[in-house]
Amino acid sequence: MSQKELIREKLKNHLGKEVTVYVDRELGSVHPKYPNMVYPINYGYIKELTACDGDYQDVYLLGIDEPVKIVVGKVYAVVERENDIEDKLIVVVGEYKYTIEEIVELISFQEKYFKSKIVK
């Protein structure tokens, strides 16, 4: 099993678990390398997992409509990328239930550059 497959399994094992998200790209902020990309949602990482790139695991944060720095939520889904080294997690704050279509729309600002699928 490859490193990516092992990490993907660990991500799936976190589905439904509570995690602390550290937001480093707040809602409304601009991507550090691509100034035309504005974050319509909060984006950050969790420290519980290391991604394939060696950094903390990246997270799209849903269910909160204001910029935040640190928040607790539940792992709701995995964004499995076929053409990138790193998958992403979807973490939700609160009890809202998102459809796959809603998730795709919310993260398309960045995921449109990748071939990916959502696993719940």
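The values are calculated or read from the model by the stated rules, or taken from the named source; none is laboratory data. The shown structure was predicted, so the numbers you read here are calculated from the model rather than taken from an experiment. Please note: Cβ atoms are built from the backbone with ideal geometry, for glycine as well, and neighbour counts cover all protein chains shown.
Tabulated results
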quantity	calculated
Any hit, the stretch 84-94, residues being modelled with pLDDT under 95 and touching an Asp or Glu at 6+ places or on another chain (Cβ under 8 Å)	yes
Among the candidates Y43, Y56, residue that is in contact with a Leu (Cβ under 8 Å, 6 or more places away or on another chain) and under 13 Å from E86 (Cα atoms)	Y56
